[in-house]
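These notes are about the structure you will find just below.
The values are calculated or read from the model by the stated rules, or taken from the named source; none is laboratory data. As the structure is a prediction and not an experimental result, all values here were calculated from the model. We place every Cβ from the backbone using ideal geometry, glycine too, and count neighbours over all the protein chains shown. Surface areas here come from the heavy atoms of the whole protein model, side chains and all, with no ligands, DNA or RNA. Shrake-Rupley method; radii C 1.70, N 1.55, O 1.52, S 1.80 Å.
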Amino acid sequence: MKYCIIELKTQTATVRNPEFQNFHKTLPLPPPTTLVGIAGAAMGKSPKDTQRFFEDSTVEMGVYCKNEGVATDLWKYNDFSGRSIILKEVLFHNKVILVYGLEDRSKVNLLMKSFENPIYGLTMGNSDSLAKVISINEETYTTESDTVTHCLIEGDIIEEVFSNASNGLNFSIYSTSDPVTIDLPTRFAYSDSYGMRSICQRKQFSLITAEMKLNVKKRGISYKGIFIPLFQF
């Protein structure tokens, strides 16, 4: 397995939680479908072709995202019977690290070349949330860690930690008003390359927005002192 590591910075980012309608609540981290979408923009592929690109081989992904603040914006739209205003959350000054791992090394090389010279503009959510590529690196080795922060972990990490509480290892988890675990879309069914889409597959993920000390170790990539857990796409 070969991995490419893409470090990005954005002034703003909005990754809408699809469960909210009148209030556009953002997820604190880009979900798997955003990782696929931004790679497709870099390669110049349609959404349908991009998904097929990742489905044709064994794929692992990972994401780290840390922001310096969250604000609520007023967003106006026209429903043709009048104008309405809804609230929209925006993440500011984001550091994002994306990891793509594929057995097909030619695909990893294509991803790296594409992020060096993207066909389409790279954005994180809105079309005006432009992402700047800071660095592009490759890695072939994974590592393990029991400390995680600002990342996605596949499954319910809280349940996993408590189910292993009897192993005698220390752990430290945090409480939050937002759910740590959420079912996120991972696959869409497309009517055509750029047509309507519908969710056809979901996976459970834990959204880690502060440092957690686990009593289990997770496999991932170490980049500039940051551990990024991997998940299967």
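Below is a table of values for the structure above.
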| read-out | value |
| --- | --- |
| Selected from A13, A71, A42 as most flexible by GNM, with the chain as the system and alpha-carbon contacts under 10 Å | A71 |
| Accessible area per residue in Å² at 1.4 Å probe, computed on region 1-72 | 38 |
| Accessible area expressed per residue, region 87-233, with surrounding protein chains retained (probe 1.4 Å, Å²) | 53 |
| Given charges at beta-carbon only (K, R positive; D, E negative), |dipole| of region 48-184 in Debye | 720 |
| Net +/- balance of residues flanking K224 in space, Cβ distance below 12 Å, scoring K and R +1, D and E -1 | -1 |
| Rounded percent of accessible protein surface that carbon and sulfur make up, the chain, 1.4 Å probe | 47 |
| Förster-model FRET efficiency, 35 Å R0, Y174 and D56, C-beta, rounded to 0.05 | 0.35 |
| Additional length obtainable on full extension of the chain from T147 to A189, 0.36 nm per residue less Cα span | 11.5 nm |
| Estimated 222 nm signal from helices in the chain, with DSSP H stretches of n ≥ 4 weighted -39500 (n - 2.57), rounded to 500 | -5000 deg cm²/dmol |
| Distance (nanometres) between label positions extended 7 Å along Cα→Cβ at W75 and S46 | 2.6 |
| Dipole moment magnitude, nearest 20 debye, the chain about Cα centre, only Lys, Arg, Asp, Glu C-beta charged | 440 |
| Neighbour net charge for I173 - beta-carbon separation under 13 angstrom, K R +1, D E -1 | -4 |
| Most fluctuating residue given options G155, G195, G220, as computed from a GNM of the chain linking Cα atoms under 10 Å | G195 |
| Cα shape, the chain, gyration tensor, a/c 1.5 rule | oblate |
| Residues listed by number, region 131-158, amide nitrogen under 18 Å from N164 label point at 7 Å toward C-beta | 142-158 |
| GNM flexibility winner over the chain from E68, E116, E144 (Cα, springs under 10 Å) | E68 |
| Pairwise FRET efficiency - D156 versus K213, Cβ, R0 = 22 Å, nearest 0.05 | 0.80 |
